[in-house]
């Protein structure tokens, strides 16, 4: 199939022919290689954002989709994809100014400053074998939940309103247990192919947003511009391994969870709540090894840690 990617530098073509063709039930995301390389070892993205639709009020808190988030769909030239932004723990009094600001700007067309943890996850992909290409024109979304693979989730700052205090485990929320969530994450695969300009990632619909689990640090903390990253084993409540290999854990700088993990050393355990995202560092690595040929691999993922929980 042939896809056109628009960019400020001009128009270029990314032609891919997968030997098995399109797979039913799969969706495709095409990312610019420059974007992958810029953000593969970063926690957040700074962008401008036009808010088109916002939830009237935050989600209730319970389980599943009742997670206390405030969703607001919109458009961002820097991202160039259909997307949604989410303030977590939006019911907390500390988030009221940010929530009010979102409602104030909704539908005005104004380009506001927004910083968020970038999240690529095939939770709400286009139906059928839909394809979203970074840099293609992005239509005005019809509601708060358009088909999308890219999110600012969690939001860090909207306008001048910091929502950093939202980065705590969601009070009263029943997250998915480690075995249930990670069994799903580990079952996902991706078919990936790249040329000199862009990378195509094809995968099926994913789920299990918020998971509760424990991590056992496997290596040294990597300090990046906007946070910390560390490889860790994932274990359940009894300390039993849940996945066979360590996974990368992502901590936003300035959060209580980031402060807590900095006090730990290799072998120490931390009880956390987190959400998955595609690991672009591993996507980049796979493409460098593939030599341009399509490869099908377990979908590389990492966990955004939103808060620490009591042991």
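Data overview
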item: Cα Rg, Dmax (largest Cα-Cα span) when computed across the chain, Å; result: 18.7, 55
item: Rough spin-label spacing in nm, given labels placed 7 Å along Cα→Cβ, for residue 40 and residue 197; result: 2.0
item: Scaled radius of gyration (Cα, divided by 2.2 N^0.38 Å) that the stretch 43-120 gives; result: 1.07
item: Gain in span if fully extended, residue 237 to residue 101, counting 0.36 nm per residue against the direct Cα distance; result: 45.0 nm
item: Per-selection Kirkwood Rh - the stretch 90-183 (Cα, Å, 1 d.p.); result: 15.9
item: Mean separation of Cα contacts under 8 Å, 6 or more apart, over the residue count of the chain: relative contact order %; result: 20
item: Residue with peak Gaussian network fluctuation, the chain [Cα springs, cutoff 10 Å], from 275, 36, 250; result: 36
item: Contact order normalised by residue count of the stretch 60-99, Cα under 8 Å, 6+ apart, percent; result: 35
item: Percentage of interatomic Cα-Cα distances in the stretch 109-163 larger than 18 Å; result: 45
item: Among 213, 167, 285: highest mean-square fluctuation, GNM of the chain, C-alpha pairs under 10 Å; result: 285
item: Dimensionless Rg over Rh [the stretch 241-311; C-alpha; Kirkwood]; result: 1.06
item: Segments 139-147, 214-222 sorted - mean Cβ within 10 Å per residue, highest first; result: 214-222, 139-147
item: Estimated [θ] at 222 nm from DSSP helical runs (n ≥ 4, -39500 (n - 2.57)) normalised by residues in the chain, nearest 500; result: -4000 deg cm²/dmol
item: Percentage relative contact order, the stretch 27-160, counting C-alpha pairs under 8 Å, at least six apart; result: 36
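All of the numbers you see were taken from the coordinates with simple rules; none came from a lab. The structure presented is a predicted model; accordingly, all values stated were derived computationally and were not measured. Backbone-built Cβ (ideal geometry, glycine too); neighbour counts: all protein chains shown.
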